[in-house]
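The values are calculated or read from the model by the stated rules, or taken from the named source; none is laboratory data. None of these values were measured; they are calculated from a predicted model. Here Cβ is always computed from backbone atoms with ideal geometry, including for glycine, and neighbour counts include all displayed protein chains. The accessibility values were calculated without ligands, DNA or RNA, using every heavy atom of the protein model including side chains. Shrake-Rupley method; radii C 1.70, N 1.55, O 1.52, S 1.80 Å.
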Amino acid sequence: MSRIAGRFAELAAAGRGALIPYLQAYDPDLATSEAILAGMAEAGADLIEIGVPFSDPMADGPTIQRAARRGLAAGATLAGVLAMVARFRAHDTTTPVVLMGYLNPIDSYGPERFCNDAAAAGVDGLIVVDMPAEEADLLAPHAAAAGLDIIRLVAPTTDAARLPVVLEGASGFIYYVSITGITGTRSASSDELAAALPRIRAASRLPVAIGFGVRTPAQAAGAARIGDAAVVASVLIETLAATLDDRGRATPGTVDSVLAEVRALAAAVRAPQKIKEDVR
Amino acid sequence: MSAFPDHETVTHDHLTPNSRRSGPDARGRFGQHGGRFVAETLMPPILELEAAYEAAKADPGFRRELDFHLKDYVGRPSPLWLARRLTEELGGAKVYLKREELNHTGSHKLNNVMGQILLARRMGKKRIIAETGAGQHGVATATVCALFGLECEIFMGETDVVRQQPNVFRMRLLGAKVHAVKAGAGTLKDAMNEAMRDWVANVATTYYLIGTVAGPAPYPAMVRDFQCVIGDETRAQILAAEGRLPDAIVACVGGGSNAMGIFHPFLDDDGVRLIGVEAAGHGFDSGQTAASLNRGRPGVLHGNRTYLLQDADGQIEEAHSISAGLDYPGIGPEHSWLYDTGRGEYVGATDEEALAAFTQLARTEGILPALESAHALAHVAKLAPTLPAEAIVVVNLSGRGDKDIYTVAEHLGVTL
């Protein structure tokens, strides 16, 4: 069983959803982002999503755009991100790691070589924002051969007729983009989420993670209850950004501030809930 | 001559499978280029757009409505002008200018915008967004939104806002809201990112009116089809004037819509050289160019695979050109395919060469060309003298240069 499937099976047995916090690699520098990554599992991350900086992050709002710029200014490369994951894996062999980014750096690296190197580094899954199901054959065979999950995105605009196309060959989990919009802007209501999930459940038995607009501990708890996991990104980047000095450099409080917020999110996600309804 | 020669070419119905004009394939690809590389949120709307466009193409009423507006609002057909004094000064091939700068709003951009706005109306969209570099596409979009009473928001890099102030003011006069995009270098690439972010947030109400032959399918083919009126007219006009096809057609390429519009109807005419002129900026090897084909490599950006200026890690690089309309690190995917197959020749002209061509055309023909079009003229200044007097070269004069007089003045050391 893959690390991702294993983790979701454990959590299902424990009767709770997952918290998936996000960090942008190399933001604001390699050592700081590596310290955040190293501390996240202990702070309550069930899986970890690492953003790969890209020059043109078309699906991201201003918060993650700025994080990407800081990461690139700090020297981020795809190879550097893989090396960072490999060092993390030397100390943590259980927490699943998913890379989220855009296609061009992977395309430039070479899809097959990238999948092999990512799997060797200890990456478990890939979310490639600008690679819809129709274009996934570029990466899917290499990912499957290397044992990497390609996490498919489902959006509010994905209608019932299209869902089977999107979910063909999906593995790991499904990422539900809960709003029509970019990251870090608005949030879906729990009513909207509750209305959206049944049709995804009907189309797939994979766990569903909810992302885009999940900001507060209460929202994270709600998303992890309605779905199977909550992805929290922009608010953690905002917390990081608020600790930077006026030249954009990390300060002594940077790592602890981000991890404290992960702890608060995890506490809410792990708080006793009524028995999770089986909405399947 | 009919105002709209050869309309049928837009549907491609009569073409043989071996025609170079039959692309893209069902995946929106031209060879390895093109495709639909967008976030899942945008896949349903681009598939809806494709279906709506196919339905419109098959509807003679749509074609009639477009022809009416092209003739009586845009002012087509545009003349094909034999540039006698320029020809004499260059001393070689006979040079004709396809006068797209005489269209309403001063460039070829309105051909495409008119087609897409009629499509947006058929689709019931009330809000129109567009990206713009030099502002020509933004002005054209704002114009048709005023004409049809639609809400219009234009995304323009803040660097371009500064260097194209007259066009920013024009867009505002036309009732458009202009967003100055601060990300990156504040040029066309950043404007396109921001327009895509707006579209993803407002897909239900909004039509994204892309201004060039790039982006996810169906945009490259759709914009090309709407621009093919340039080449269709040119073919009929040169046959009427000279009784034969030209030896070469020259056009500037940024995204490449004016070039594709004049090239495409000639793709199967092997005797006609098709020459695209990229902005070489400070020179091909200066590190400051917009020459995606000559100095880039294939990658994925803004919804399509195509040649891109990028670093070794796949990060997109900033382009540079004196001309805001060519200042883009990518190019339309069909040009990438023409480059790969060798059917298109792609060369470069530097900022300095474009400036020299700008002043030369003003002096010899009484026409101020857009700095974009001046790149094409700069190449003709090199090419024409190498050809015999009976050779015929057609240049697509894609825009007029009034918008550029401040930039030109600055480079000539004149304070306005």
In terms of the charge dipole of the protein assembly as shown, which places +1 on Lys and Arg and -1 on Asp and Glu at the beta carbon, the residue among B:I275, A:P105, B:G348 farthest towards the positive end is A:P105
Work out the mean other chain Cβ neighbour count within 10 Å for the residues of A:107-114 and drop it here as an integer.
-> 3
Cubic angstrom per residue, convex hull over Cα atoms of the stretch B:76-135 = 114 Å³
Quick one: ranking B:W199, B:W337, B:W81 by accessible area, 1.4 Å probe, largest first, what do you get?
-> B:W81, B:W337, B:W199
At a temperature of 4 °C and a viscosity of 1.567 mPa s, determine how fast the stretch A:137-270 diffuses translationally according to Stokes-Einstein, using the Kirkwood radius over alpha-carbon pairs as Rh; express D in µm²/s, rounded to the nearest whole number.
-> 80 µm²/s
Output for the stretch A:1-94 (equivalent-ellipsoid semi-axes, sqrt of 5λ from the C-alpha gyration tensor, Å, descending) is 26, 15, 11
Could you tell me what percent of the DSSP beta bridges with both partners in the protein assembly as shown are antiparallel, to the nearest 5?
-> 20 percent
Tell me, what is a quarter of the convex hull surface for the C-alpha atoms of the stretch B:248-335, in nm² with one decimal?
-> 5.9 nm²
Tally up the carbon and sulfur contribution to the accessible surface of chain A as a whole percent, 1.4 Å probe, everything protein left in place.
-> 56 percent
With N residues in the stretch A:22-161, Rg(alpha-carbon) / (2.2 N^0.38 Å) equals 1.01
Debye intensity ratio in log₁₀ form over the Cα atoms of the stretch A:3-271, taken at each q of 0.16 Å⁻¹ | -1.26
Mean other chain Cβ within 10 Å across B:305-313 is 4
Give, as a single signed number, the net charge of other residues whose beta carbon lies under 11 Å from the beta carbon of B:G186, with Lys and Arg counted +1 and Asp and Glu -1.
-> -3
Ratio of Rg to Rh for the stretch B:118-229, alpha carbon only, Kirkwood?
-> 0.94
Taking the Cα centre of the protein assembly as shown as origin, work out the dipole magnitude from +1 charges on Lys and Arg Cβ and -1 charges on Asp and Glu Cβ, in debye rounded to 20.
-> 1260 debye
Which three extents, in whole angstrom, do the alpha-carbon atoms of the stretch B:225-283 cover along their principal axes, largest first?
-> 40, 24, 19
With only Lys, Arg, Asp and Glu charged, each at its Cβ (+1 for the first two, -1 for the last two), find how big the charge dipole of the stretch A:90-148 is about the Cα centre; round to the nearest 20 debye.
-> 180 debye
Estimated buried accessible area (total), pair B and A, 1.4 Å, Å² to nearest 100 = 2700 Å²
Mind listing, in residue-number order, the residues in the stretch B:38-77 that have at least 30 Å² less accessible area with every protein chain present than in their own chain alone (1.4 Å probe)?
-> B:A39, B:E40, B:T41, B:M43, B:P44
Descending Cα extents along the principal axes, the protein assembly as shown, whole Å = 85, 52, 47
Please report, in debye to the nearest 20, how large the charge dipole of the stretch A:3-271 is about its Cα centre when each Lys and Arg carries +1 at its beta carbon and each Asp and Glu carries -1 there.
-> 540 debye
Gap separating the Cα centres of the stretch B:113-169 and the stretch A:138-152, nearest whole Å = 40 Å
Over chain B, one equal point on each Cα, no solvent: what is log10 I(q)/I(0) by the Debye formula at q = 0.06, 0.07, 0.13 Å⁻¹?
-> -0.20, -0.28, -1.07
Extreme residue, positive dipole direction of the stretch A:3-271, given options A:T32, A:A229, A:M84 (C-beta unit charges) = A:A229
Flagged as over-length at 22 Å C-alpha distance, from B:K177/B:K403; B:K98/B:K403; B:K109/B:K403; B:K71/B:K109; B:K189/B:K403, the pairs are none
Report, in cubic angstrom per residue, the convex hull volume of the C-alpha atoms of the stretch B:173-309.
-> 168 Å³
Could you tell me what percent of the accessible area of chain B is made up of carbon and sulfur, with a 1.4 Å probe and every protein chain present?
-> 53 percent
If you bin the C-alpha pair distances of the stretch B:156-200 every 5 Å from 0, what whole percents do you get?
-> 6, 26, 27, 24, 14, 2
Just give the residues from the stretch A:173-196 buried by at least 20 square angstrom of accessible area in the all-chains context relative to the isolated chain, probe 1.4 Å, and say none if nothing qualifies.
-> A:T180, A:G181, A:I182
Whole-number accessible area per residue in Å² for the protein assembly as shown, which is evaluated in the context of all protein chains at 1.4 Å = 34 Å²
Here the cysteines of the protein assembly as shown without any disulfide-compatible Cβ partner under 4.7 Å are A:C115, B:C228, B:C252
Counting only the heavy atoms of the protein chains, how much of A:S187 is accessible to a 1.4 Å probe, in Å² to the nearest 10?
-> 40 Å²
Can you give the mean number of other chain Cβ atoms that lie within 10 Å of the Cβ atoms in peptide A:52-62?
-> 6
Sorting A:A196, A:P252, A:P53 by the position of each Cα along the dipole of the stretch A:3-271 (Lys, Arg +1; Asp, Glu -1; all at Cβ), the one nearest the positive end of that ordering is A:A196
